[in-house]
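See structure below.
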Amino acid sequence: METLTTLLRSRQPLVVGSAGDHKALGHVYCAEDCDLVELRLDRLGNGQEVHNFVERQRSSLPLLMTARHPDEGGMNQLSKAQRAELLTEFLPAGRLLDLELQSLKELGEIWESAADTGMIRIASWHNFDGCPSREQLRDILEEMAAAGADIAKCAFALAEPADLQRIAEALEDTPLPLSIMGMGSLAPSSRLLAADLGSALNYGYLGKDATAPGQWPAKLLREAISCSTSP
């Protein structure tokens, strides 16, 4: 845990491989593929195939547990109780937890339980419709820091190239390690830019299906970041 925590605090760009379809569960991923594996439990559920994957994968790479809220890209219209049940079931196998900023109150027991067990906590915010103002983004990050998040994650739609400036501005002066990315047609370039500027966690997908608009395949993103950050 200490090695991962140190890496995150150093703002070294790490790649998260997001597993959101069952085709992603047939492999054991290693450091050549990504640095962390995110389980999108809202997509995957809690069947035996998922449990088998967790048991195989947890000794290879750290697992990040997520059951996304329907308003922020979550699938299957899961209720608060269903999301809580999934997260509680898989929390012992995870080293990181991602909860939306809007969910920190209604799932507060899970947020605090993660802290009690030493998990790294990510507070996230997603806007699929537009790009926030600089002031709005600053306020969101300050609220995440006040809630005790170890990492902030912000993903939002980019309508025009000028919106890329928001990523650079956010990474200039952030109160905690920040994972930031764009979605939409400009997403691929925005994700590489963010990694170059110090985005802590950079998301690509495992398997066949992206879990957000404009994601790279995780291994390809890892290779691109490695090339762009090499001396």
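Each reported figure results from applying straightforward, stated rules to the coordinates on display, with no laboratory input. Values in this document were obtained by computation on a predicted structure and should not be read as measured data. We place every Cβ from the backbone using ideal geometry, glycine too, and count neighbours over all the protein chains shown.
Dividing the alpha-carbon Rg of the stretch 1-81 by 2.2 N^0.38 Å yields what?
Working: Rg = 13.6 Å, N = 81, 2.2 N^0.38 = 11.7 Å.
This ratio for the stretch 1-81 stands at 1.16.
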Calculate one ³J(HN,Hα) per residue across the stretch 88-104 by plugging θ = phi - 60° into the Karplus curve 6.51 cos²θ - 1.76 cosθ + 1.60, and present them in order as whole Hz with x for glycine and proline.
4, 5, 9, 3, x, 8, x, 10, 9, 10, 10, 10, 5, 3, 5, 9, 5
For Tyr203, which sequence-distant residues (separation of 5 or more, or a different chain) have an amide H within less than 5 Å of its own amide H, given hydrogens modelled in the peptide plane?
Val16
Can you list residues from other chains, or at least 5 along the same chain, whose modelled amide H is less than 5 Å from the amide H of Gly214?
Gly184
Those GluC sites (Glu not before Pro) in the stretch 122-231 that DSSP places in a loop and that have at most 16 other beta carbons within 10 Å
none
Among the lysines, which fall within straight-line cross-link reach of Lys208, defined as a Cα-Cα distance under 25 Å, with same-chain neighbours fewer than 8 residues apart omitted?
Lys23, Lys153, Lys219
Interchain or long-range residues, amide H under 5 Å from Ser124's placed H:
Leu99, Glu100, Leu101, Lys153
Per residue of the stretch 191-198, in order, report the coupling 6.51 cos²θ - 1.76 cosθ + 1.60 (Karplus, θ = phi - 60°) as ³J(HN,Hα) in whole Hz, putting x for Gly and Pro.
5, 6, 4, 4, 4, 4, 8, x
Cys227 paired with Leu91, simple spin-label distance in nm, labels 7 Å along Cα-to-beta-carbon
4.2 nm
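Just from its helices, what would the mean residue ellipticity at 222 nm be for the chain, if runs of 4 or more DSSP H residues each count -39500 (n - 2.57) and the sum is divided by every residue, rounded to the nearest 500 deg cm²/dmol?
Numbers: 9 runs with 87 residues, N = 231.
My calculation for the chain gives -11000 deg cm²/dmol from helical runs alone.
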Cα-based Rg then Dmax for the stretch 2-229, in Å, read 16.0, 46
Which whole-Hz couplings ³J(HN,Hα) result when phi for each residue of the stretch 17-27 is put into the Karplus expression 6.51 cos²θ - 1.76 cosθ + 1.60, θ = phi - 60°, listed in order with x for Gly and Pro?
x, 8, 9, x, 9, 5, 5, 6, 8, x, 10
